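Take a look at the structure set out below.
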Amino acid sequence: MAGAGAPAAAISTLTPPLEQLRLLAGELRLLLPGVRVGEARETTKEFNRKTFWRRLNEAAVKVSREATTMTEVFSRLPLPLPSSQETQRFCEQVRAAIKAIIAVYYSLPKDQGTTLRKLVRSATVDIVDGMAQLVEVLCVPPAQRPENNDLISYNSVWVACRQVPRIPRDNKAAALLMLTKSVDLVKDAHEEVEQAVEECDPYHGLLNDIEDNSDNHGDVWGGPNNQDLYWSEDDQELMIPCLALVRTSKACLKEIQISVAENGKKDQVAQLDDIVDISDEISPSVDDLVLSIYPPMCHLTVRLNSAKLVSVLKKALEITKASHVTPQPEDSLIPLLINAIDHCMNRIKELTQNELEL
């Protein structure tokens, strides 16, 4: 058996340095799909949170250190490249560092919360992908590399490693982070569409660049009578409850976020995960509605997207109301929010009823 392994080792030491880097980059890319869908490893050992985070931080520091070494060694000019044997050693160190951080991620049990696991998985994917990018640049002959490209790629893996200490340490903190992101996304969407309405120009000044050589503004594209670019009176009337629904969406997410912050328990991981999962659907649904109210507006599409958003909002509020984060549902804002949602949707239905009858 020992003799059978010797030729392979001899061949690998003779592989040219840049070819070894190309092979390493390919290996790292092949690891990514497994990390993205990987499950926690089954173990009988009791999970030690403090030990896990220490190991993950140490593994990230190790990857960052290996990235620095690879960059210094393979981007130094006009010095010659390392020998094949030296390159093999550098590549093995990178492999070991990457496999170590993946192994730490896999050691995080599912019962610690899927929201937390998603954040750790995302950080791990970013690190592996960043290292692959770096190695892909370094395997290009130095004379052929775009200027500073190696530093940009190195920076991505370094930044990814630096993010590891900032990952929330438990599922409640992870849930709050995700809910805060959702609130911010809905807030941005609401501000953007309100600004467009205020300016009466959904393309933010683009129409001003259109040269108009006609006295009749309604006869040229870009004129105020062109329904492809401007809202009609019926459109503007329909937008009022739509914008109110978007504002209510923001209020719903904020209420959910506050409930989790004030009443959420770290050991109630399943309920927190359920709240985050349904809340994650709110921002994309808001985006669909916002996009559909830009001209040319199709009232039926607006109605369908509003109904979809209403369904998601009510489900999110009901799940939150039934969970431990709402100990006194009757004293919460949830009933008022549901009433506000229904009021917006009823008005949207009234204004789009003719579309259903056509």
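Numbers below:
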{"item": "Whole-number D in µm² s⁻¹ for region 33-84, Kirkwood Cα-pair radius fed into Stokes-Einstein, 25 °C, 0.890 mPa s", "result": "168"}
{"item": "Segments 177-190, 121-134 sorted - mean Cβ within 10 Å per residue, highest first", "result": "121-134, 177-190"}
{"item": "Probe 1.4 Å - accessible area at residue 240, Å² to nearest ten", "result": "110"}
{"item": "Cross-link reach list, lysines versus residue 99, counting only Cα pairs under 25 Å and skipping chain neighbours closer than eight places", "result": "45, 50, 62, 110, 118"}
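The values are calculated or read from the model by the stated rules, or taken from the named source; none is laboratory data. Since this is a predicted model, take the numbers as computed values, not measurements. Note: ideal-geometry Cβ built from the backbone for every residue, glycine included; neighbour counts use all protein chains shown. Surface accessibility is based on the protein's heavy atoms, side chains included, excluding ligands, DNA and RNA. Shrake-Rupley method; radii C 1.70, N 1.55, O 1.52, S 1.80 Å.
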